[in-house]
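For reference, the structure discussed in these notes is given below.
The values are calculated or read from the model by the stated rules, or taken from the named source; none is laboratory data. What you see is a predicted model; the values in this text were computed from it and never measured. Cβ atoms come from the backbone with ideal geometry, glycine included; neighbour counts cover every protein chain shown.
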Amino acid sequence: MRIAVLQFPGSNADWDALHAARDVLGADAYYVFHKDTDLRHPDAVLVPGGFSYGDYLRPGAIAGYSPIAAALRAFDGPILGICNGFQILTELGLLPGALARNAHLRFECRFVHVRTEAEGPFTRGMRGRVLRVPIAHADGRYHCDDETLRRLEAEGRVAFRYCARDGHLPADTADTEDGLPINPNGSRAHIAGIYDARFRILGMMPHPERACETILGSDDGLSLFASLRRHLEAQ
């Protein structure tokens, strides 16, 4: 099982992603630099978090024009975009919508709970499961037009929603738990992650790679990587 981890100038979760895939999952994981044009035949690709190209223009915008972008567009296997990786995937047009500035205009760095709502290569057998995973973003508010939201809902492509620890969704973005907003950034419909139309590409703002060992405070994120392994072994 080969997993490529992309690296951009400003990536800061590339090592976390490599560690989760290589040292925890046991995959043959390796870096692919933004100036490369070849993914080197991976089974899956991770687009990690960080601040690619310093978030100039807007997060993920310049990465969409990097040399590796064409290979990422052409890749036909599972892709997981985490935080800035999610932003990059929307900029590439591989996922719909956009990630806007958090509604309260502050950087959020803390654990949150998300409810799994869709089945796919990264969420096999996980529907209904609540995960405790960290976030670290200033531009994580998922936004899309009404038609896109209707399509995402109708096709069951919302992968994760921000929720209370018991799995209940907030009534609105002002609802709190332990004094903090349950929806940490004001995302529309409390969306924390979505799949593409083929359920092959997943973008999410929380960081599962930073919650794959109990020493990190939660190992709930490991379930996504274990799901990927099951998916690839079943091919």
Task: Only listed residue being within 20 Å of residue 194 (Cα to Cα) and either modelled with pLDDT of 95 or more or surrounded by 19 or more Cβ atoms within 10 Å (Cβ to Cβ) (or both), chosen from 39, 94, 25 - done: 94
- [ ] Search the stretch 100-129 for residues being aromatic (Phe, Trp, Tyr) and part of a loop (DSSP other than H, G, I, E, B), and hand back the single one that is farthest from residue 3 (Cα to Cα).
- [x] 107
TODO: Report, by residue number, each residue of the stretch 38-94 that is assigned to a loop (DSSP other than H, G, I, E, B), under 24 Å from residue 158 (Cα atoms) and among the aromatic types (Phe, Trp, Tyr).
DONE: 75
- [ ] Name every residue in the stretch 31-46 that is touching a helix residue (DSSP H, G or I) at 6+ places or on another chain (Cβ under 8 Å), without any contact (Cβ under 8 Å) to a residue 60 or more places away in the chain and of a type outside the set (A, V, I, L, M), in order of residue number.
- [x] 31, 34, 36, 37, 38
Open item on the list: Between 199, 225, which is under 12 Å from residue 123 (Cα atoms), touching a residue at least 60 places away in the same chain (Cβ under 8 Å), part of a loop (DSSP other than H, G, I, E, B) and not polar (S, T, N, Q)?
Closed with: 199
Task: Cβ pairs under 9 Å, 6+ apart, first in the stretch 1-28 and more than 19 Å from residue 50 (Cβ to Cβ), second of a type in the set (Val, Ile, Thr) - done: 25/3; 27/3; 28/3
Task: Pairs where the first residue, in the stretch 100-128, is over 21 Å from residue 168 (Cα atoms) and in contact (Cβ under 8 Å) with a residue 60 or more places away in the chain and the second is in a loop (DSSP other than H, G, I, E, B) and charged (D, E, K, R), C-beta under 8 Å, 6+ apart - done: 102/139; 120/200; 121/200
